[in-house]
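Just below is one structure, and these are the notes that go with it.
The values are calculated or read from the model by the stated rules, or taken from the named source; none is laboratory data. Keep in mind it's a predicted model, so treat the numbers as computed, not measured. Every residue, glycine as well, gets a Cβ built from its backbone with ideal geometry; the counts of neighbours run over all protein chains shown.
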Amino acid sequence: MTVSMRSCLSAVIITALATVTSAEQPGHTTHQPGKPVQADTDTRQTTTPGQTDQATDEQHTSSFTPENIDVLRRRNLHNAMKQARMRRQNITDQEIKDILAVLRDLNPTMAERLHRALMQNREQARRMLAMARDRVKEMVEARRNDPELYKLRVQDFRLTQRTRMVARRARQADLDGNQRDARRLIVELKNIIREHFDVRQTMREHELHRLELRLDAMRKQLQQRAESREQLIQKRIDEVLGDGEQPQW
């Protein structure tokens with residue numbers, strides 16, 4: 001489909017949506033059953049069929065102006081974004097439980113605040129949890145499907161927080177001229193970073209092991225497919241001819 005054809009179709013769709021929208025605006029009246037139809041008291045100039053067609057064409061043409069199309073596009077975009085926000089705000093009770101469980105491991109204080117908020121203002125707390133859902137999605141999935149990786153990620157998060165806290169305290173001690181505390185905090189920071197390095201290294205080894213298992217499974221499937229070459233070819237022939245079951249082509 002050419003660009004001009006797509007533009008024409010878009011214009012037609014937008015115009016149709018505008019027609020439906022205008023029909024629902026205040027002031028639009030429809031005949032109600034049981035009531036007599038009143039005569040139209042408006043005075044209109046009598047037009048010939050040719051003039052009517054010309055007026056209709058001019059009306060349709062005027063609705064395709066760039067200004068009208070731009071307004072409708074922005075309106076449709078606004079409605080789509082509003083619906084997307086509403087979908088993001090929808091959250092199930094199970095998702096709330098999963099998120100709170102993760103937060104208890106990452107930040108118990110924050111988890112307790114959210115739990116109290118659920119008791120005091122449930123709807124507002126649900127919206128807050130819905131906003132945090134995407135941020136902890138991977139942690140929720142790891143907690144459910146890979147407990148070992150989840151444990152490592154929790155350690156990684158906690159050590160990151162400890163690193164920032166001790167580094168901030170060490171910088172402040174140095175600014176205050178307290179060299180003794182600064183040296184002590186730097187030693188503590190070095191031990192934390194060493195531990196953090198080991199955790200990150202274990203995470204990479206774990207992920208590499210998972211990739212190796214996946215590759216082994218893919219190699220086995222590829223080998224089985226190669227061994228079943230003629231059978232799969234015949235099944236494919238039967239399938240395209242309308243005979244036989246769906247093959248794993």
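Against the numbered list (1) touching a residue at least 24 places away in the same chain (Cβ under 8 Å); (2) assigned to a helix (DSSP H, G or I), Ile91 comes up short only at (2).
Can Gln94 be described as of a type outside the set (Asp, Glu), modelled with pLDDT under 55 and not assigned by TED's automatic domain parsing to the domain that holds Gln161? No; evaluated as a whole, the condition is false for this residue.
Can you spot a residue in the range 183-202 that is of a type outside the set (Val, Ile, Thr) and over 30 Å from Val154 (Cβ atoms)? The answer is yes, given that some residue of the range 183-202 is of a type outside the set (Val, Ile, Thr) and over 30 Å from Val154 (Cβ atoms). Ala226 fulfils the conditions (1) loosely packed, with under 13 Cβ neighbours inside 10 Å; (2) closer than 25 Å to Leu103 by Cβ except for a single criterion, (2).
Residues that are part of a helix (DSSP H, G or I), within 17 Å of Gln161 (Cβ to Cβ) and either modelled with pLDDT under 95 or not β-branched (Val, Ile, Thr) (or both) are absent from the range 210-230 altogether.
Taking Val199, is it under 27 Å from Glu141 (Cα atoms), out of contact with any Cys (no Cβ under 8 Å at 6 or more places or on another chain) and surrounded by 14 or more Cβ atoms within 10 Å (Cβ to Cβ)? In short, yes.
Could you please let me know if Gln172 is polar (S, T, N, Q), more than 30 Å from Gln94 (Cα to Cα) and assigned to a helix (DSSP H, G or I)? Here the answer is yes, as Gln172 does meet what is asked. At least 1 residues being under 21 Å from the mean Cα position of the chain (by Cα), free of Cβ contacts under 8 Å to residues at least 24 places away in the same chain and surrounded by 18 or more Cβ atoms within 10 Å (Cβ to Cβ) is the threshold, and among the helices (runs of 4 or more DSSP H) wholly inside the range 99-159 those reaching it are 122-133, 137-145. In the range 106-116, the residue that is farthest from Val154 (Cα to Cα) out of those that are at pLDDT below 85 and among the hydrophobic types (A, V, I, L, M, F, W, C) is Leu114.
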